[in-house]
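Just so it is clear, none of the values below were taken in a lab; they were calculated from the coordinates. A quick note: this is a predicted structure, and the numbers were derived from the prediction, not measured. Every residue, glycine among them, receives a Cβ derived from its backbone with ideal geometry; neighbour counts consider all protein chains shown.
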Amino acid sequence: MGNKNTTIKPPALSSSFDDHALHEECGVAGILSFKKQDVAQLLYRALIALQHRGQDAAGMAVWNGKKKINLHKGLGLVSDAFDEKKLASLNGPLGIAHVRYPTIGAGGVEDAQPFVEKEPFGGIALAHNGNIANYGTVRSRLESGGHAFCSTCDADLMLAVLVKHLNASGLDIFKAISLSMDELDGSYSVCAITAGGELIVYRDPHAIRPLVWGKNDDFIMFASESTALDINDIPLAGDIGAGEALVISSDGKITKRQLIAKPQPRHCMFEYVYFSRPDSVAQGRLIYNVRKELGRRLAKTAPVHADIVVAVPDTSRPAAEGYSQASGIPMEEGLMKNRYVGRTFIMANQALRSTAVKLKLNAVKPLLAGKRVVLIDDSIVRGTTSGPIIKLLRDAGAKEIHLRIACPPTIAPCFYGVDLPTFTELAAANKSVEEIRKMIGADSLAYATIDDLVGAIGMKKEDLCLGCVTGQYPTQLGNDIAAMLKKHGSDADVRVWEKAHPAGKLRGGSC
Ligand code: SF4
């Protein structure tokens, strides 16, 4: 690896136009052909299916069937990063791929995944979806031992940790993964390959980020979401378990180990509320059905007399359908989205944000004029977008606007791979529901309860990560960081944490 000096940046604190922008941080896929077919086209299709999880960069590493791993990474959408020629150069029957959403780190191509090391096995490549919460501590430890990093991405760190333990354990892959799990705190769904022709897959002890798998006569595939399997006509077989690891050899032999004695799943609830595609299935649940059920439950816990139900497009639609069905209030497409407006531009002040909302959403006056509207949205983060949307509806003639949020109030940050702002910026961390209602100008405001959320997902509460709605995190470090941030609550809260923390850094690049 190179010896480039790097600066580890704290999580971004800027406001974006899109207050709903609880950005996912990446999607990952891995595939092996049992019949030695090339897999690059399948990985490309998988990345297209995972594009919503990251639009900043894409990468692919493919074993050529002999002794070499070929790598290509590029900035932008999957279609920007790859063309026919590049895909053709990645021929081989085993590969991994990744899409990135950046919030921190340098954000250049050097932070894109996968990462490759020349040894052991004559080459090893790794990509993951998640976030290593103790990035700074582990990085400092490795640097003290002489390791030079060439990026600020935590996948680079994870690969270095895995290689260290592989070398120390006589190349025992399961032992090395187990030791990595002991060393790392955070969320990680990992796909890796070796130049020896092995596909390696593992998920953190709490299975915070999703990772599913499927198989047919030709291929075995792993991916962040089942849509990546669908697009390749590979039937979904299930989910990788918490603390579970698999090694699939080039001849197709699958070896599976449970590396955590008492796994405690804590699946991220936001995958169900917002991030994952509605047509994805995770932990046996169709995401669309979960969101619809959330809407149904919301209609019961937060009823309102109204004429129409309107969704803030697109992710809130299933919840709006559920609310409409349970309440008997008809649903109308009162807000239309312009699909060709990018989601990333920054709007510095409220006037600009209002303009940005208008660029993105159009209120359909004939549907809204004189109507009492139940507006369904999936989250209020900073509270900066709801106001302009409500104004848009009022300007279109809506008589009353009752905002219903299909998720409990977001009161705390995330340390496991989701771009939530810190306590200082989160509306619900600093204001009561009534204060938020006044700020955004709604006639009424209500949120789904935690019981609604847990009931709609249909899991035991203790099997979910609810950190950002309860302030209780699945790992000790998450709780420690949150306590530190609260104690020093200020605009510079992340930097205060970094100063106070022995390693001096909170976390590395978003992956
Ligand atoms: S803190 Fe929130 S966004 Fe982060 S993993 Fe937990 S539930 Fe998901």
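At a glance:
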{"quantity": "Three-way shape label, the range 246-347, alpha-carbon gyration tensor, a/c 1.5", "calculated": "prolate"}
{"quantity": "DSSP beta bridges in the chain [antiparallel fraction, %, rounded to 5]", "calculated": "80 percent"}
{"quantity": "Cα-based helix-to-principal-axis angle, 40-49 vs the chain, degrees rounded to 10", "calculated": "20 degrees"}
{"quantity": "Peptide ranges 182-190, 164-172, 55-63, 388-396 listed from the most packed, as the mean C-beta count within 10 angstrom indicates", "calculated": "55-63, 182-190, 388-396, 164-172"}
{"quantity": "Contour minus Cα-Cα distance for A148 and Q472 (0.36 nm per residue)", "calculated": "113.2 nm"}
{"quantity": "Percent of Cα pairs exceeding the 35 Å cut-off, where the set is the chain", "calculated": "32 percent"}
{"quantity": "The chain - mean residue ellipticity at 222 nm from DSSP helices (-39,500 (n - 2.57) per run, n ≥ 4, rounded to 500)", "calculated": "-8500 deg cm²/dmol"}
{"quantity": "Degrees separating the helix 476-487 axis from the principal Cα axis of the chain, which is the longest one", "calculated": "50 degrees"}
{"quantity": "Normalised contact order of the range 24-266, rounded percent, pairs of Cα under 8 Å and 6 or more residues apart", "calculated": "22 percent"}
{"quantity": "Dipole magnitude of the chain, debye to nearest 20 (Cβ charges: Lys/Arg +1, Asp/Glu -1, about Cα centre)", "calculated": "340 debye"}
{"quantity": "On Cα atoms only, tilt of 135-144 relative to the major axis of the chain in degrees", "calculated": "30 degrees"}
{"quantity": "Highest to lowest packing among 110-123, 84-97, scored as the average C-beta count within 10 Å", "calculated": "110-123, 84-97"}
{"quantity": "Cα shape, the range 188-295, gyration tensor, a/c 1.5 rule", "calculated": "oblate"}
{"quantity": "Ranked list, fewest to most other Cβ atoms within 10 Å of each Cβ, for K292, K399", "calculated": "K399, K292"}
{"quantity": "Length-normalised contact order of the chain in % [C-alpha pairs under 8 Å, at least 6 apart]", "calculated": "18 percent"}
{"quantity": "Among 247-259, 144-156, the order from most to least packed when residues are scored by Cβ within 10 Å on average", "calculated": "144-156, 247-259"}
{"quantity": "Efficiency of FRET between D463 and T255 - r from beta-carbon atoms, R0 41 angstrom, step 0.05", "calculated": "0.95"}
{"quantity": "Dipole of the range 289-459, positive direction: furthest Cα of I450, V364, P413, with charges on the beta-carbon", "calculated": "V364"}
{"quantity": "Length gained when the stretch V364-K118 is fully extended (0.36 nm per residue, less Cα-Cα span)", "calculated": "82.8 nm"}
{"quantity": "Whole-number percent relative contact order across the range 295-435, with pairs defined as alpha carbons under 8 Å at least 6 apart", "calculated": "23 percent"}
{"quantity": "Anchor K487: lysines whose Cα lies under 23 Å away (excluding residues fewer than 8 positions away in-chain)", "calculated": "K9, K431, K499, K505"}
{"quantity": "Within-13-Å neighbourhood charge of A446 [Cβ basis; K, R +1; D, E -1]", "calculated": "0"}
{"quantity": "Separation between Cα centres of the range 427-484 and the range 41-74, rounded to whole Å", "calculated": "35 Å"}
